[in-house]
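Structure first, then comments.
The values are calculated or read from the model by the stated rules, or taken from the named source; none is laboratory data. Fair warning: this is a prediction, and the values are worked out from it, not measured in the lab. We place every Cβ from the backbone using ideal geometry, glycine too, and count neighbours over all the protein chains shown. Surface areas here come from the heavy atoms of the whole protein model, side chains and all, with no ligands, DNA or RNA. Shrake-Rupley method; radii C 1.70, N 1.55, O 1.52, S 1.80 Å.
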Amino acid sequence: MEYQTMLAWAAPIAVGLAAIGSGLGIGRAVGSAMEAIGRQPEAAAKIQTAMIIGAAFIEALTIYVFIVFIMLNGKIGAH
Amino acid sequence: MRNSLGLDFLNRTLKTTGLLLLIFLPFGIYYLGVYPALAVFSGGVWGIVNFIFLAALIRVAFRPEGVDRRRLLGLALVKFPMLYGAAYCLLTIPEFTPPQFLIGFSVALAVMVLKVFGRLLLGLHDENPEPKRLERAL
């Protein structure tokens, strides 16, 4: 298989996998945070802060993959 | 408490990031050139705005009092189509390269990691930090 064909197959799959991973990660983080807030409503601010930081890092990973995809996208079809 | 890891921590992180980017801009223009410096700066600003919207979304959506649906919808409509569209438009500028944008975007995350790392080193992650650990760290 040609290099560019492989890239054209792999890059969207990589973005999809990153999105699935991030979705699962954020889902787990939010679920656990909600449980923690339910148990200790007085600690909601601290739990929310930790959740926001976690969500920012998880989202950042997807954005990294997306930007790498944009970079590789320019190489697909280029001769 | 100023040093607590509450919602104030996020505001302080964003202020530090903004300050870092402002300090970087003139040096970046001088050493890297106008467009690379602007690409890093715009990536950083985009990262800050994205983080503000993410924090606002989480605060509105996940709180003990229940979901504020109207604000949630408004924030989601601004964050997902508009903010991401703005990033796409920035990335289509021929002078802006994606890695430069990515470096700028990562500044806020780096500041956050370093702040948390500093807190751990100084023992400020506890509610009542032990004075001995603080003394040792300083």
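Scanning region A:46-79 for residues that are under 13 Å from the mean Cα position of the chain (by Cα), at the interface with chain B (Cβ under 9 Å from one of its Cβ atoms) and open to solvent by less than 40 Å² (accessible area, probe 1.4 Å) gives A:55, A:56, A:59, A:60, A:63, A:67. Could you say whether any residue in region A:37-45 is over 23 Å from residue B:104 (Cβ atoms), more than 14 Å from chain B (Cβ to nearest Cβ), in a helix (DSSP H, G or I) and not hydrophobic (A, V, I, L, M, F, W, C)? No, that holds for no residue.
Could you list, in sequence order, all residues of region B:83-110 that are free of Cβ contacts under 8 Å to residues at least 12 places away in the same chain and assigned to a helix (DSSP H, G or I)? Residues satisfying the conditions are B:84, B:85, B:88, B:89, B:91, B:92, B:98, B:99, B:110.
Rundown of residues vs (1) facing another protein chain (nearest Cβ under 10 Å); (2) touching a Phe, Trp or Tyr at 6+ places or on another chain (Cβ under 7 Å); (3) at pLDDT 90 or above, yes/no style:
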{"position": "B:32", "(1), (2), (3)": "no, no, yes"}
{"position": "B:37", "(1), (2), (3)": "no, no, yes"}
{"position": "B:93", "(1), (2), (3)": "no, no, yes"}
{"position": "B:110", "(1), (2), (3)": "no, no, yes"}
{"position": "B:116", "(1), (2), (3)": "yes, no, no"}
{"position": "B:130", "(1), (2), (3)": "no, no, no"}
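Can you give me the number of residues within region B:37-78 that are open to solvent by 30 Å² or more (accessible area, probe 1.4 Å) and not aliphatic (A, V, I, L, M)? Residues flagged as open to solvent by 30 Å² or more (accessible area, probe 1.4 Å) and not aliphatic (A, V, I, L, M) within region B:37-78 amount to 12. The single condition from (1) in a helix (DSSP H, G or I); (2) within 14 Å of another protein chain (Cβ to nearest Cβ) that residue B:63 fails is (1).
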